[in-house]
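The values are calculated or read from the model by the stated rules, or taken from the named source; none is laboratory data. Note that this is a predicted model, so its numbers are computed, not measured. Ideal geometry is used to build each Cβ from the backbone, glycine not excepted, and the neighbour counts take in all protein chains shown. Keep in mind that these areas ignore ligands, DNA and RNA; they rest on the heavy atoms of the full protein, side chains included. Shrake-Rupley method; radii C 1.70, N 1.55, O 1.52, S 1.80 Å.
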Amino acid sequence: MEPQATAHPGTTPAPTPWADRPLAVALAGMLALAVAMGVGRFAFTPLLPMMLHDGVLTLAEGSWLATANYVGYLVGALACMALPWLAPGFYARWHPARLARAGLVATVLLTLAMALPIPASWPALRWVAGAASAVVLLNVAAWCMVRLAALGRPAMGGLIFCGPGVGIVLTGLAASAMVAGQWRAASGWVVFGLLSVLLCVGVWPVVRGRAAQVRATDPAKGAPPAAARAQGAGTAVARAVHALAYGLAGLGYIVTATFLPVIARAALPPGSPWPDLFWPVFGAGVAMGAALSTRAPPAWDRRWLLLAAYALQALGIALGLAWPTPAGFALSSLCVGLPFTAITFYGLQEARRLWPASADSFASLVTAVYGLGQIAGPPLVAWLIAQGDPGRGFARGLALAAAALVAGAVMYGLSAWCWPLPPHRRAR
C-alpha cells in the first residue's frame, strides 16, 4: 500500500489528473465504443441504401458483407477468450488498454479503405473490421470496468455503453445529410473514417496502462487456486443457459440493426424523408438505454433485467411488423434501441458474476455465442428474400428475430427461478 501524503495546514490538495477521474474513464470508454461499434460495425447500415443506389452492390451482396463483419466479430471474440490462456506472456504485455488502442487504429484504417473502388476487397475489410470491433468492445469494457471499480465508481460502467448509440446517431444523421446532398457512399466512408479519428482524440490520453494492479488470479499470472476452480453442476448449467440466452439476443436484434433503413424505405411512400431518420432514433434509444442502465441497483438480479430488455426488443420488432408507418417505425426503432447495449452491460455483469475467476475469458465466450446469432441473421434474410417478395422475406426474418428474443427471455426467467441469488450476493 502506498504511503498517504500528509497535507500541511493551509495547503490545497493537488487536483486529480483528468485521466484518473471516473468521468474521464467513462467518457473515454464511451468514445472508444462509438468508434468500434457505431462506426466499425454499424456505419454500414445507413450507408447500405447509398451503396445500393450507387449500384456498387446488390441487396444479397450487402447481406453477405454484413455477415462477413459478424463472422469477424465472432473470430475477434474467440481470440480475446483464448489469448489469456494460450499466450499468457503476450497477454501480460498486450493488456486490454493496448489491445483496445490497436483495435481502434485498425477500425479507422479499415473504414477509410472501404472508400476504395475495389469491391473484391470489401468482404475482407468488413471481416477484419468486425474482429477489431470485438477486440475493442471486450478490452475497453474490461479495462474501464476494472478501472472504475478501482476508483470506487463501478456503477458508471453503464455510461461506457452509451458509445454505440452516440456513434449510431452521428453516422445516421451524417448519412441522412449525405443522402439529401446526393453524395456517393464512398464519400460517406471517408467522412466516417475522419469522424473516428476525431473521436479517438478523447480516448488516447485516458485508456493507457493497466487498469489496476495485477492480482494472483489474473490469467496472465496463471490459473486460479483449486478452490476457486471448483464449481457445482448448477453453476455450470447456469453458465450454459446464460451463454445460449445471450446468443439469442444477437439473432434477435440483427435483422433490424442491419436492414432498418432498407425495410422502412420499402414500406413507406417513395420520397419520404423518414427512412433515413429511423436509424438515428435507434441510436438515440441505445444511448438513453445505456445511461438508464446505470440506475439499476447492484442488488437487482441481472437476469430479470435481461428478461425485461429482451421483451422490450421483441415488442419493438412486433410494432414494426404490425404498424408499418412513420410513427410505428419510430416507436419500433426506439423500443429495439433502448435495451440494445443495456443487454451487453447486464450480460457482461452476469458473466462476471457466474465465473469471477475467469471473467474476461467467459465474457469473451458469451460474446462469441452472441456473434453466432448475428451471423445467422443476414444470410437468413437474404435466403427468405430470394424465395419471392422481399417485403414478405423481411417480415419472416423479423418474426423469427422476435421469437428468438422471447425464447431468450424465457431462459433468463427459468434461470433466475432455478438458481436464485443468495441474499448476500450482489451484482458485480
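What trypsin sites (Lys or Arg not before Pro) in the stretch 250-346 are in a loop by DSSP, with at most 11 other Cβ atoms within 10 Å of the Cβ?
Here the trypsin sites (Lys or Arg not before Pro) that fit, given the DSSP loop and packing criteria, are ARG295.
Residue by residue through the stretch 277-290, which ³J(HN,Hα) values in whole Hz follow from phi under the Karplus form 6.51 cos²θ - 1.76 cosθ + 1.60 (θ = phi - 60°), with glycine and proline marked x?
So the Karplus estimates, Gly and Pro as x, are 9, 5, 5, x, 4, 4, x, 4, x, 4, 5, 5, x, 5 Hz.
In terms of solvent-accessible area of protein heavy atoms at a 1.4 angstrom probe, what is the ranking of ASP301, ASP389, highest value first?
The residues order as ASP389, ASP301, largest area first.
From Cα pairs below 8 angstrom and at least 6 apart in sequence, can you work out the relative contact order of the chain, rounded to a whole percent?
In percent, rounded to a whole number, it is 24.
Using volume of the Cα convex hull per residue in Å³ as the read-out, say which of (i) 163; (ii) 153; (iii) 206 was calculated from these coordinates.
(ii)
Would you work out the charge dipole size for the chain about its Cα centre, treating the Cβ of every Lys and Arg as +1 and the Cβ of every Asp and Glu as -1, and quote it to the nearest 20 debye?
Dipole size: approximately 980 debye.
Per the helix-only calculation at 222 nm, which mean residue ellipticity applies to the chain, given -39500 (n - 2.57) for every DSSP H run of n ≥ 4 and division by its residues, nearest 500 deg cm²/dmol?
Calculated mean residue ellipticity at 222 nm is -24000 deg cm²/dmol.
Can you list, bin by bin at 5 Å, the percent of alpha carbon pairs in the stretch 253-337, starting at 0?
Once binned at 5 Å, the Cα pair distances of the stretch 253-337 give 3, 15, 25, 23, 14, 9, 6, 3, 1, 0, 0.
Which whole-Hz couplings ³J(HN,Hα) result when phi for each residue of the stretch 66-77 is put into the Karplus expression 6.51 cos²θ - 1.76 cosθ + 1.60, θ = phi - 60°, listed in order with x for Gly and Pro?
So the J values, rounded to whole Hz, are 4, 5, 4, 5, 6, 5, x, 4, 4, 4, x, 5.
Leaving out ligands and nucleic acids, note down the accessible area per residue over the chain with a 1.4 angstrom probe, in whole Å².
42 Å²
With +1 on the Cβ of every Lys and Arg and -1 on the Cβ of every Asp and Glu, and nothing else charged, how large is the dipole of the stretch 1-158 about its Cα centre, in debye rounded to the nearest 20? Display every interim value, and only then the final one.
Working: 8 positive and 4 negative charges, 53 e Å.
Here the size comes out at about 260 debye.
Arrange the peptides 37-47, 71-81 so that the one whose residues have, on average, the most other Cβ atoms within 10 Å appears first.
37-47, 71-81
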